[in-house]
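The values are calculated or read from the model by the stated rules, or taken from the named source; none is laboratory data. Fair warning: this is a prediction, and the values are worked out from it, not measured in the lab. Every residue, glycine as well, gets a Cβ built from its backbone with ideal geometry; the counts of neighbours run over all protein chains shown.
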Amino acid sequence: MTDSGPDSGAMRAEIIAALPRLRRFCRGLTGHGEDGDDLMQSTVERALARAYQFETGSRVDAWMFRIARNLHIDAIRSARRRGPQIDIEEIAETSGEDGRDTVENRSDLAAAQRALQSVPEDQRSTFLLVVVEGLSYREAAEVLEVPLGTIMSRLARARARIDAVVGRSQGGLQ
Amino acid sequence: MSDIEERLSAWLDGAMTPQEAAAFEAELERDPALAARAASWRANDSFISGALAPLAQEPIGDDLLARLGLAEPEALPSAANDNPPWWRQRWLPVGGALAAGLALVLVMVQRPADTAQDGGLSFALESTPALQQARLADGRTLVPQFTARAADGRWCREYRVDDHAGIACRDAKGWKVEAEAKDLGPVADGDIQLAGGGTAAEIDAANARLKTADPLDSVAERALIAQQWGDR
């Protein structure tokens, strides 16, 4: 924290308090432990550098979720510009299956990550915010800067997709 | 996406009004396929959130906080009883990047300004914890050194701005600079001290005049900042 927050000491404490959930959100977004931790670090750096943009009275954790999600989108777009043009959904489906040994290997977590990575990024971030992080529809809409109706449709699509993926795999998620 | 699926999703999230939920639950009773889908979606939600739950329970260690730039700043120790007054020891080693290359050769003492309102100095003193950096309007960097209470009840802060050090105290009208020492030069080993005897005479004199108590620790100082210095 440098010069800028309305109350930099208090904000720093709130950022630290939000780190466990931010780490979970980042790992869920990326589908990968190390990538998720890198995203968390970038998010904290951005938050510290732009503390002056934080609106006093709003939630620090929701603000950091928004930063993390935007950074993740930027990374996906950058990857698309650098490499062959592939669909974001395909990136989501292949991430975690790229041969790296560091993919979350605990069985339940690996199964959950596979299910999450089966849905497009916009649906995944919405699902994570509401179902995993417990944000209300309105809070999720503010984080993702979309209308409430979009949150509802994304959640329904994510759940339908996850259910279909689970249904195709023997034994379901577990 | 069908309306029924959006409604099912909203029902699972408790995002319906009581009337909407009651109507939907009546549909569930009439439609076994819908009820089965609801059970399946709920089970998927529960499994995924349960599988990810441990990720938010992993400890956040000091190493991680340091990597993230969130480590607690090193607090300056208080003076022991058999030591010289704390304000004669203020140029204690603080280590790290903060100390590296800091120029501290006392050449002259600047006449104190009437107030510290200019250039963001007041805001920086008001809101920046000790050993954190604050950028002033003219681009210079201010680093509060510590906070201590004067005998008259005012809170005072020693600070460093690029090439000079100062002490300012806060009353109901804001921050007032009590003394400044200018043109400070580097010292060896990364420690911070003043050349020519290791003390800044004007700031020592100000501390003596103000009868400042021992510095606050970092926790107390942050609490004071959070309270907007209201503990007077």
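For this structure, a couple of remarks:
- Counting the residues of segment B:127-185 that are acidic (Asp, Glu), more than 16 Å from B:ALA206 (Cβ to Cβ) and in contact with a Gly (Cβ under 8 Å, 6 or more places away or on another chain) gives 1.
- Checking each residue in segment B:1-56 for being of a type in the set (Ser, Thr, Tyr), at the interface with chain A (Cβ under 8 Å from one of its Cβ atoms) and closer than 30 Å to A:GLU34 by Cα picks out only B:SER49.
- Residue-level analysis places B:ALA66 among those that are of a type outside the set (Asp, Glu), more than 10 Å from chain A (Cβ to nearest Cβ) and loosely packed, with under 15 Cβ neighbours inside 10 Å.
- Some residue of segment B:132-143 being away from every other protein chain (no Cβ under 14 Å), crowded, with 18+ Cβ neighbours inside 10 Å, in a strand (DSSP E or B) and not small (Gly, Ala, Ser): no
- You will find that of A:ALA75, A:ALA140, A:ALA164, A:ALA110, the residue that is modelled with pLDDT under 95 and under 14 Å from the mean Cα position of the chain (by Cα) is A:ALA75 and no other.
- Listed by position, the helices (runs of 4 or more DSSP H) contained in segment A:105-162 that have at least 2 residues being within 10 Å of chain B (Cβ to nearest Cβ) are A:107-117, A:137-144.
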